[in-house]
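*Asks:* Before I ask anything, here is the structure I am working with.
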2 protein chains.
Amino acid sequence: MKVIAELGLPQVIITREFAAPRELLFRAYTEPELLARWLGPDSLTLTVNQLDVRHGGRWRWTHYDADGKGYVFHGLYHGTPSPERIVQTYEFGERPGHVYLNTITFEEHDGTTTLRQNTVFQTVEERDDYVRADMETGIRASMAKLDDLVTRLAKEARHA
Amino acid sequence: MKVIAELGLPQVIITREFAAPRELLFRAYTEPELLARWLGPDSLTLTVNQLDVRHGGRWRWTHYDADGKGYVFHGLYHGTPSPERIVQTYEFGERPGHVYLNTITFEEHDGTTTLRQNTVFQTVEERDDYVRADMETGIRASMAKLDDLVTRLAKEARHA
């Protein structure tokens, strides 16, 4: 996994390869029961409240810590999500008005899919807060779980 | 009017002061018949197709040139638009998937409102394309027309 968070830029780019077709990655991002199995750091459990996967549709999920405290994230899908691209606005429930834009693309070559997540923030300070909140640890853990999930789904598909 | 488009940053920030309360600026941004009177360069006429001013609502407008060719822009409102803040995704109809995020804030002090428009793009290249498309000329013309409009509305309100 590669994380590019250039100093002074209101942007974070994450890339990672998966040994699975992009249709499976798209499913892992857009089916609530699959998403709940990989998204977020190991210390939190995810409840997917809503994934209205269409242009203008709302999404909302909540990360719960061991004490039951919930951290809500929510936003909108811009454009029709597809195995090529998902564009979403994001807002942390405790910081209304601080919105960021996520563009996730899936490129497949010879059975390997390169995931690229491009996040742009309203300010460099927002980006820095995001990086300081130890997002990288959470994203590394998420990506490892996502890898397990799509690898297993790909194996199941081959043996089906 | 101040335009900040720092080299290498996927961002453009525009600030301008208006001698009008922010409620009037908010109306000029959210009422179709007012918006059509100021938005866009002088060479184009604007048709507002849709302004569903609420969280998740869609907006769409078309700039027509003298030959009748239309340039469609559309997107979504993220968060409930208010005289404090409007957050919108933007997409040019001819470039699907290339989405940018606009945050417009209105700050009022002693009857003067400072408008700040913060646009973040998915890449620096997108930002550069936007700047090269002579957006500054269009925005300067728009802002001058917006100034005329809200100044007139403010006068009417004082004499009402």
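*Asks:* I'd like the full set of residues that are of a type in the set (A, V, I, L, M), within 19 Å of B:Gln11 (Cβ to Cβ) and more than 9 Å from chain A (Cβ to nearest Cβ), limited to region B:69-119. Break it down stepwise before answering.
*Replies:* Of region B:69-119, the ones of a type in the set (A, V, I, L, M) are B:72, B:76, B:86-87, B:99, B:101, B:104, B:115.
With within 19 Å of B:Gln11 (Cβ to Cβ) added as a condition, the list becomes B:86-87, B:99, B:101, B:104, B:115.
Passing the criteria: B:Ile86, B:Ile104, B:Leu115.
*Asks:* Name the strands (runs of 3 or more DSSP E) wholly inside region B:6-92 in which the number of residues that are aliphatic (A, V, I, L, M) is 3 or more.
*Replies:* Working: elements: B:11-18, B:45-51, B:58-64, B:70-76, B:85-92.
Hits in region B:6-92: B:11-18, B:45-51.
*Asks:* Could you check region B:75-102 and list, in sequence order, the residues that are without any contact (Cβ under 8 Å) to a residue 24 or more places away in the chain and either crowded, with 19+ Cβ neighbours inside 10 Å or of a type in the set (A, V, I, L, M) (or both)?
*Replies:* Within region B:75-102, B:Leu76, B:His78, B:Val87, B:Thr89, B:Glu91, B:Leu101 qualify.
*Asks:* So A:Gln122 clears everything in (1) surrounded by fewer than 19 Cβ atoms within 10 Å (Cβ to Cβ); (2) within 26 Å of B:Tyr77 (Cα to Cα); (3) more than 16 Å from the chain's Cα centre (by Cα) except one condition, right? Which one?
*Replies:* All conditions are met except number (1).
*Asks:* Which one is farthest from B:Val99 (Cα to Cα) among residues in region A:93-130 that are part of a strand (DSSP E or B) and among the hydrophobic types (A, V, I, L, M, F, W, C)?
*Replies:* Of region A:93-130, the ones part of a strand (DSSP E or B) are A:99-109, A:112-120.
Cutting the leftovers down to among the hydrophobic types (A, V, I, L, M, F, W, C) gives us A:99, A:101, A:104, A:106, A:115, A:120.
On the way: A:Val99: 14, A:Leu101: 9, A:Ile104: 12, A:Phe106: 17, A:Leu115: 18, A:Val120: 11 Å.
Applying the filter and picking the extreme gives A:Leu115.
*Asks:* Being of a type in the set (Phe, Trp, Tyr) and either more than 21 Å from A:Gly93 (Cβ to Cβ) or within 14 Å of chain B (Cβ to nearest Cβ) (or both) is the filter here; which residues of region A:39-63 pass it?
*Replies:* At the first step, the residues of region A:39-63 found to be of a type in the set (Phe, Trp, Tyr) are A:59, A:61.
The answer is A:Trp59, and nothing else.
Readers should treat all values here as calculations from the given coordinates under stated rules, not as data from a laboratory. From a predicted model like this one, the values you see are computed outputs, not experimental measurements. Don't worry about glycine lacking a Cβ; one is built from the backbone with ideal geometry, like all the others, and counts go over all protein chains shown.
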